[in-house]
Amino acid sequence: MLVLAGAGTGKTRTLTYRVAWLVENGVHPSNILLLTFTNKASKEMMRRAASLIGADVTSLWGGTFHHIGNLILKSHARLLGYKDGFSILDRTDTKDLFETCRTAVASAHKDSQLLPKASVLTDLHSYARNTSKPAETAISERFAALLPNAQLISDVTTLYEKKKRELNLVDFDDILHNLVVLLRDHEDIREYYSRRFRHVLVDEYQDTNMLQAEVVALLCSYHRNITAVGDDAQSIFSFRGANFENILNFQKQYPDARIFKLTTNYRSTPQILHTANAAIAANRRQFHKELRAVRAEGELPALVPLEDVREQALFVASKIKDAVDDGGALDDIAVLYRSHYQSMEIQMELTRLGIPYDVRSGMKFFEQAHIKDILAYLRILSNPYDEISWKRLLKMLPGIGNATAEKIWNYLTQSPQTPPLERLIGAAAAAPKKAREHLAAFAACIEGLRKISAPSEAIDKALRGSYEKYLFLTFPDADNRLRDLTQLSEYAVKYTSTDTFLSEMAIQGAEQPMAAAAAAESGEHVVLSSIHQAKGLEWKTVFIIGLNDGQFPSIKSGKNWDEEEERRLFYVALTRACDELYLCYTYTSYAGLMRPSRFIRDIPGGLFEEIEII
DNA sequence: TCTTATGCCCTTTTT
DNA sequence: GGGCATAAGA
C-alpha cells in the first residue's frame, strides 16, 4: 500500500503502527523489514516500533538502505568478486580516490586543465549511477558545460572503477548497485531474502532513487507486501539521484496497491500551515493537496529583517535566551539554514551566552582529519591495499608530500609476492634522505600494530606509538582532538573485529560523535541543523535564517539547478514548526546589498507579521 | 626544477 | 576544511 501524506500528518507514526498491527496479527518481527534514509530516522522509528510491540529493538530488522545492503552483501562478497570482503569508502575517501585518478589522467593528457575538480567528478559519477543513466546524459543534466570533456571525464571514472576493484574498495553507490546485482542475478539469493521479509516498509519514498526503488522491488518480489509512505512536496534529494517520479509511478509498479491520502496536519498552528501552503503553491509539478490544520489558532509567523549576519545571530540568540528565561525548554527550539557555513555566527553567539547547542550539519565526526588519520592505521592493517589510507599516513611524515607518497606506494605494491606491509621496512630506499628516519619510526610502529587484532587496542597503540606527536605538532586544538580519539578507542571496545568496526564507522559516519550524542540525550540543547537533516523532525519554535536570494534559494552558476526543489526545501523548513516560526533575512552580506528571498516575496502579505528590530 | 610548506580565499544539500 | 597561488627548500 502507498500512503501519500503531507507534512506533519504522522507518516512515520503510521509505519510504526503498521508494524504493531502486523505483529498483533501473527507476523514475527524478524520477518518485517523497515527501510529509512537516515540513521537518526531509523533509530527513532525502530525504538518506537519496538516499544509498541513490547519487544527488544534487536528483534526488528531495519535501518538505512546502505546499512541493510552492507549486512546482506557481507555474506556474499565472494559471489560479487571481492576475494577477502571489502572496505567501504566514505564520502571523503571517495573524493580522495577520485583526486588520485584525476591526477593520473591529467598527467597523461596535455589538455588536462579541462578536467573538472574531484568533487565535481564524484558528484557526476554518483548521479549517473544512482539514476542508472549513461554518463553523457548525467553530464548534460547536471553540468551541461562539461559535455565537450565527456571523454576525459569518462577516462577518470573508468580508472576509478578499476582501482576500486583492484583495491577491494566499495563506495556508497556500490553498496546499492551491488545489492541490485546480487538480488537480480542470483535467483536463489533473491528468493531467500524476499521470502524472509514478508513485509517491507519504506519511509520517505519520495527520496528513493532508481537503485533504491529497485532494491525495494527485489526485496519484496516474493510476497509483494510493501508499505511506502511519502510526500512529493518534500522531495529534496534530487542531487543524489532521488526521483519523485518513483512515488508517482508506484501504482504502475504495484497495480494492486491501495492508496491512502493523509491531509490532516496535527503538528502546526493554522497560521504556520497557511504560510507553508502558500509557499508551496507556486510549484507547478506537484500533486495538489491543501493540508488542513486541526490545532487551535496561534501566533502569526514573524518576518524579521536584519542588518547583517552578526545582527541576525544576536537576534536569534537573544530570542532563545528570552525563551529560556521565561521557562521554555531548549529542546523545543531549532535554528535551520540552507548551508552549513551560515551557522557559524549563531554558534559563536550561543557559545558567548553559554547556551548549549548541537550542530547537525557540516563536517561529521568521522570526517574530521584526526579521526580519519587514526582510522587509516586500522585500515591498512585490515586492507593492506588501501591506497588512500597508505598515502594519508605517509603524508603525515615530515618531508613526504604527494610525490614521495606516490613513489613509496609504488614501491610497496611493486612485488606481487610480498604484501605491502612486509615491504614497508625496506621502503626507505624510495624516500628522500630527510624523511628516512621518520619513515623507519613509522614502519616500526606499524610492525607493532600488526600483532594486535582488537580495534580499541590498535587505536591506543597507534596513538601512543606515533600519532599523538603529530597531533600536537599540527593542530592548535590538539587537546580536544585527543579527547575525541580516546573516546573513539573506548567506543571501539565493544568490537572484536577491526573489519566490522571500520565498516560500521563508514556507514554510520553520518551519525553524531559518541560524546555529543550522549550529551545530547542527557542535557537540554538547541538544535542547529541544515534543512535537509531536519526532515521528519519537529520543534515548537523554529528560526529559519539567511532567507536571501542567492543563499536560499541557493544559486550556483553553471549548474542546472531546480528552483522547484529549493521551494520544496523551504516548505520542509516551514513545516518543522509547531507553534512559533521566525523567518530571518539580512539587508547586507560581505558581498554587498541583499534582497529578501523570492520565496518570502511569493507569500501574500497578511500571512505573517513583520517585526522591527531597533 | 621538482616538492613541500604555508597563507588566504571561500564554503549547497547527504547515505 | 579545501583549493589555489606562492614562497621556501632540496
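Within region A:335-353, the set of residues being part of a loop (DSSP other than H, G, I, E, B) and either β-branched (Val, Ile, Thr) or exposed (fewer than 14 other Cβ atoms within 10 Å of the Cβ) (or both) is empty.
The residues in region A:303-318 that are hydrophobic (A, V, I, L, M, F, W, C) and touching a Cys at 6+ places or on another chain (Cβ under 9 Å) can be counted, and the count is 5. Is at least one residue of region A:259-269 touching a His at 6+ places or on another chain (Cβ under 8 Å), over 20 Å from A:GLU564 (Cβ atoms) and away from DNA strand B (no atom under 16 Å from the Cβ)? No, that holds for no residue.
Selection within region A:307-334: residues that are small (Gly, Ala, Ser) and assigned to a loop (DSSP other than H, G, I, E, B). The member of this set that is surrounded by the most Cβ atoms within 10 Å (Cβ to Cβ) is A:GLY328.
Among the residues of region A:339-348, those identified as without any contact (Cβ under 8 Å) to a residue 40 or more places away in the chain and within 13 Å of DNA strand C (Cβ to nearest atom) are A:TYR341, A:MET344. Close Cβ contacts (under 7 Å, 6 or more residues apart or on different chains) running from residues in region A:113-140 that are within 12 Å of A:ILE153 (Cα to Cα) and touching a residue at least 40 places away in the same chain (Cβ under 8 Å) to residues that are among the charged types (D, E, K, R) and more than 10 Å from DNA strand B (Cβ to nearest atom) comprise A:LEU115/A:ARG102.
Could you tell me whether A:ASP123 is of a type in the set (D, E, K, R), within 22 Å of A:GLN212 (Cβ to Cβ) and outside any loop (DSSP other than H, G, I, E, B)? Judged against the criteria, A:ASP123 is a match.
Is it the case that A:LEU397 is more than 16 Å from DNA strand B (Cβ to nearest atom), aliphatic (A, V, I, L, M) and at pLDDT below 90? Criteria not met by A:LEU397. The helices (runs of 4 or more DSSP H) located wholly in region A:452-507 that include 1 or more residues which are surrounded by 15 or more Cβ atoms within 10 Å (Cβ to Cβ) and under 26 Å from the mean Cα position of the chain (by Cα) occupy A:455-462, A:478-492, A:498-507.
Exactly one residue out of A:PHE197, A:PHE172, A:PHE237 is under 25 Å from A:LYS40 (Cα atoms), among the aromatic types (Phe, Trp, Tyr), away from DNA strand B (no atom under 14 Å from the Cβ) and buried (at least 19 other Cβ atoms within 10 Å of the Cβ), and it is A:PHE197. For A:ASN225, the conditions (1) surrounded by 19 or more Cβ atoms within 10 Å (Cβ to Cβ); (2) without any contact (Cβ under 8 Å) to a residue 60 or more places away in the chain; (3) within 24 Å of A:ALA49 (Cα to Cα); (4) not aliphatic (A, V, I, L, M) are fulfilled apart from (1).
Applying the selection to region A:12-34, what residues are outside any helix (DSSP H, G or I) and free of Cβ contacts under 8 Å to residues at least 60 places away in the same chain?
Here is the first cut: in region A:12-34, the ones outside any helix (DSSP H, G or I) are A:25-28, A:32-34.
Correct list: A:ASN25, A:GLY26, A:HIS28.
For region A:392-403, the set of residues classified as crowded, with 20+ Cβ neighbours inside 10 Å and farther than 15 Å from A:ILE380 by Cβ consists of A:ILE400 only.
Checking each residue in region A:191-232 for being assigned to a strand (DSSP E or B) and of a type in the set (Ser, Thr, Tyr) picks out only A:THR227. Of all residues in region A:283-306, those that are in contact with a helix residue (DSSP H, G or I) (Cβ under 7 Å, 6 or more places away or on another chain) and exposed (fewer than 15 other Cβ atoms within 10 Å of the Cβ) total 5.
Among the aliphatic types (A, V, I, L, M) and either within 25 Å of the chain's Cα centre (by Cα) or assigned to a helix (DSSP H, G or I) (or both): is that true of A:ALA41 in this structure? Yes: the conditions hold for A:ALA41.
For (1) within 16 Å of DNA strand B (Cβ to nearest atom); (2) surrounded by 14 or more Cβ atoms within 10 Å (Cβ to Cβ), each residue gets a yes or a no:
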{"position": "A:GLY54", "(1), (2)": "no, no"}
{"position": "A:ASP84", "(1), (2)": "no, no"}
{"position": "A:LEU89", "(1), (2)": "yes, yes"}
{"position": "A:GLU99", "(1), (2)": "yes, yes"}
{"position": "A:VAL105", "(1), (2)": "no, yes"}
{"position": "A:ALA108", "(1), (2)": "yes, no"}
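In the set (1) assigned to a helix (DSSP H, G or I); (2) surrounded by 16 or more Cβ atoms within 10 Å (Cβ to Cβ), A:THR58 fails one condition alone, (2). On the basis of being surrounded by fewer than 18 Cβ atoms within 10 Å (Cβ to Cβ), away from DNA strand C (no atom under 16 Å from the Cβ) and basic (Lys, Arg), does A:LYS164 make the cut? Spelling it out, it is not the case that A:LYS164 is surrounded by fewer than 18 Cβ atoms within 10 Å (Cβ to Cβ), away from DNA strand C (no atom under 16 Å from the Cβ) and basic (Lys, Arg).
When the residues of region A:349-401 are narrowed to those that are more than 16 Å from DNA strand C (Cβ to nearest atom) and of a type in the set (Lys, Arg), which ends up farthest from A:ASP96 (Cα to Cα)? Ranking the qualifying residues of region A:349-401, first place goes to A:ARG352.
In region A:131-146, is there at least one residue being more than 16 Å from DNA strand C (Cβ to nearest atom), crowded, with 21+ Cβ neighbours inside 10 Å and within 27 Å of A:ILE507 (Cα to Cα)? Taking every residue of region A:131-146 in turn, at least one turns out to be more than 16 Å from DNA strand C (Cβ to nearest atom), crowded, with 21+ Cβ neighbours inside 10 Å and within 27 Å of A:ILE507 (Cα to Cα). When each of A:SER107, A:SER59, A:SER30 is tested for being more than 30 Å from A:LYS164 (Cα to Cα) and at pLDDT below 85, the lone residue that passes is A:SER59. Of all the residues in region A:41-52, those that are near DNA strand B (Cβ under 10 Å from one of its atoms) and at pLDDT 85 or above number 0. When region A:153-181 is filtered for residues that are at pLDDT 90 or above and not in a helix (DSSP H, G or I), the ones remaining, listed by number, are A:VAL170, A:ASP171. The set of residues from region A:402-436 being of a type in the set (S, T, N, Q), away from DNA strand C (no atom under 16 Å from the Cβ) and part of a helix (DSSP H, G or I) comprises A:ASN410, A:THR413. Considering (1) in contact with a strand residue (DSSP E or B) (Cβ under 8 Å, 6 or more places away or on another chain); (2) closer than 21 Å to A:LEU182 by Cα, the lone condition that A:MET46 does not fulfil carries the number (2).
The values are calculated or read from the model by the stated rules, or taken from the named source; none is laboratory data. Just so you know, these numbers come straight off a predicted model, no measurement behind them. Please note: Cβ atoms are built from the backbone with ideal geometry, for glycine as well, and neighbour counts cover all protein chains shown.
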